[in-house]
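Notes follow the structure.
The values are calculated or read from the model by the stated rules, or taken from the named source; none is laboratory data. Since the model is a prediction, treat every value here as computed from it, not as a measurement. Heads up, the Cβs are rebuilt from the backbone with ideal geometry, glycines too, and the neighbour counts pull from every protein chain shown. We work out accessible area using only protein heavy atoms, side chains counted, and drop any ligands, DNA or RNA first. Shrake-Rupley method; radii C 1.70, N 1.55, O 1.52, S 1.80 Å.
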Amino acid sequence: MADPRQLNFKRQFALNMYKDKHISLAKMSLSKDFIGCTRGDPYPLLSYEGEFAEEVKDGKYFFTAKCEGAKAERLLCRHFPYATYSFSPRSLDGKFGISIKAPDRTCLITFFAKDKRVCAMHEGAVIKTDVSLCDAIELMISCRKDKFDIYVRTKDACKYFGSFTEPLFSDMASKKVFSDTVACTYASGCVSVTDVCSYIDNGISQADVRPIRYENGDILTEQGKIYLTMSIRLEEFCYQGVFSWIPGTCELEMCGVLFFDAGDGIYGNDVASSILYHREEKKWLIWVCSFSHGHILAHASVYADPRFGINAIPVTLMPKMSDSDPDTVFLGKEGDEDPDFIYDSERGVWRMAVCRIVNDNGKRAYRYFCFESDKPFSGYRYIDSSRDGAETGGSIVHIDGNYYLICGNRFDLRADYRIYALPDMEHPSKLLCDFDDGGFRGWGTVIPIKTTDGTKYYHLTFDRHNASKYNWSYGDLYCFLAE
C-alpha cells in the first residue's frame, strides 16, 4: 500500500504559460472578399465617415481613406468582458483597433505607428511600445471589465506594455450589460491587417491547481487525459480556467472557463474550485471560493458538463457566520477559501476541508478545518483542525483506502507542503521533493493515476513569482512524479 508520506517526488518539468493558450471566440475570415459580396454580410458596416475604399485580398483586410477623417467600423462579434482582441498589422499609416460598443457608451482602443514604433491610444492617452512594425507581431487588447491591457507578441516573446481604464465599463461583468455589447473593428487612414480575432486566454500565470474527480476522489480520466481547474491570473484579478492534461507529459491545453453567478446576474471571477462528477446522480458538484461576493464559499450542482467552453454556474453562497459564532461552525466566514470535498463511500459521509482564518496570538493565520456530513452541501459537523502554520491550497487525496489532506504552508519557506493522515490534524508530515522550487504556500495537489505499469503519483504545484505588480499574479507551474 502506498503512503504519500513515504513517497519521494522527483521533478519532471516546470512551465510558464504566458498567454499562449486560448479558446477562440471569433475570427474575421479573410479568405474571401466579403466587401463586394451581395449575398451575405458577415462583418456589417456599423458606422463610417468620409470616403474610403476597402478590399480583402491575399488573406489581408485593406482600408484606404480617400479624404481626411475617413473611418469605418465593422461588426466583429459579441463582446465578452474577459475577451482578448488581437490582430497582426501589415501596414499602419493610420489607425486600426477595436471599438467596444454598448447601447449607451463606447470604448475605442486603436494602434498606430510613431517613429517606427507601435503605440496604443484610448481617449487621448497613449501607450508607447518598443516594438517596430514588422510582419511577425500580434497586437493584443485583453479586457478586465473596465481595464484593457496592451500586449505585443513578437517571434521571441509576448510582452505587456500598459493598461487603459474606462470607468463607464465598470459594470461590464453584468450579463445584462455585456449581452447587449458588441466589438467592432475600427480603421482610419491607410492600413492593412490580418488574423483579426477574439479569444479568451490563459492570462499571464496560473495557480490553484486541482484535478476534477469522481465523487469518491478517483481521478476523472477520458482518452488518456485528466482535467484540472486552475485560476487564470491577469495583470490584476483572475478567473477560473479548466485545462486538459496528459499525465506525464507537458501537454496542457485550455478547454474551458468558469464564472459564477450568485443570483445577481454578475459573472463572478471566482476561483479555487473543487469539482466532482457524481456518477449515481449524474450531476457535477462544485464548491468554490467566491471572492466576488464577500470572500466566502459557495456551492452548486449542475447537469451540464462544466469542463468545456464558457460556463456561468449558478451558485448558492454559504450563510454568513456571526461575530459570536466559533470557527468550528460550518457557516461562511469572511476569508474562507480553498475548499475541497469528496465522498467517503466506506463510511457513507462527505469529507470537507476549509481553509479558514484564525486568531493566532493576535495575528491572522490560515488553518485547515475538517468537517463531515451526510450531504455534500449542508449539515457539516466539525471534526478537527490544524494547530499551527500558515496553510493554503489543500486537497483531500484518497489512496489505498486512506484519506490524506495535503496542503501548502508558510510564505517564508520554499516547497513546504504538509500531509495530514486524516482524521489526525495534529501531526503533519512533509511532502518529500528532490527540488524545492515551487511553493511559498503553493498547493498540495497530489494526483494518483493508474497506468499500465502501476500507480503513479503526480504533484502539480506553482510558485509565486509575481508576473505583474499585482501581488496575486503568480505563478509558474511545476510537475513532480513519485512511483
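For this structure, a couple of remarks:
- Kirkwood hydrodynamic radius of the range 391-432, from the reciprocal of the average inverse Cα-Cα distance over all distinct pairs: 10.5 Å.
- Only Lys, Arg, Asp and Glu carry charge here, each on its Cβ (+1 for the first two, -1 for the last two); on that basis the range 211-288 has a dipole of about 220 debye about its Cα centre.
- In terms of packing, defined here as the mean over residues of other Cβ atoms within 10 angstrom, the peptides 426-434, 184-192 line up highest first as 184-192, 426-434.
- With coordinates expressed along the principal axes, the C-alpha atoms belonging to the range 146-265 extend over 59, 43, 23 Å, beginning with the largest.
- Heavy-atom accessible area with a 1.4 Å probe sorts 170, 205, largest first, into 170, 205.
- For the range 367-415, fraction of C-alpha pairs farther apart than 18 Å, in %: 44
- Surface accessible to a 1.4 Å probe, per residue, for the residues of the range 74-162, Å²: 41
- For the range 249-337, the alpha carbon convex hull comes to 134 Å³ per residue, rounded to a whole number.
- Long-range amide H partners of residue 256 with built H, under 5 Å: 242, 309
- With all pairs of separate Cα atoms included, the range 329-483 yields a Kirkwood hydrodynamic radius of 16.3 Å.
- Filtered trypsin sites (Lys or Arg not before Pro), the range 439-481: DSSP coil and at most 16 other beta carbons within 10 Å: 469
- In the frame of its principal axes, the chain has Cα extents of 77, 47, 46 Å, reported largest first.
- Accessible surface ranking that places the most exposed of 297, 108 first, with a 1.4 angstrom probe: 108, 297
- Accessible area of the range 430-483 divided out per residue, in Å², using a probe of 1.4 angstrom: 43
- Of the trypsin sites (Lys or Arg not before Pro) found in the range 1-82, those in coil by DSSP whose Cβ has at most 10 other Cβ atoms within 10 Å are 39, 66.
- Sequence-ordered 3J(HN,Hα) estimates for the range 366-383 from the Karplus curve with 6.51, -1.76 and 1.60 and θ = phi - 60° stand at 8, 9, 8, 10, 10, 9, 9, 7, 7, 10, x, 10, 7, x, 6, 10, 5, 10 Hz, glycine and proline given as x.
- With both residues required to sit in the range 235-322, DSSP beta bridges show an antiparallel share near 80%.
- When the convex hull of its Cα atoms is viewed from all sides, the range 52-118 shows a mean projected area of 5.9 nm².
- Karplus 3J(HN,Hα) series, Hz, for the range 316-322 with 6.51 cos²θ - 1.76 cosθ + 1.60 (x for Gly, Pro): 10, 6, 5, x, 6, 6, 8
- Where only DSSP H runs of four or more residues are counted, the chain gives 0 deg cm²/dmol as its mean residue ellipticity at 222 nm, each run worth -39500 (n - 2.57).
- The trypsin sites (Lys or Arg not before Pro) of the range 237-346 that meet both conditions, a loop assignment by DSSP and at most 13 other Cβ atoms within 10 Å of the site Cβ, are 279, 282.
- Share of carbon and sulfur in the accessible heavy-atom surface of the chain [1.4 Å probe, %]: 47
- Annotation: average projected area of the range 376-465 is 7.5 square nanometres, based on the convex hull of Cα atoms across all directions.
- Rounded to 5, the percent of DSSP beta bridges in the range 150-309 classed as antiparallel: 95
- The per residue volume of the convex hull around the alpha-carbon atoms of the range 1-76 is 227 Å³.
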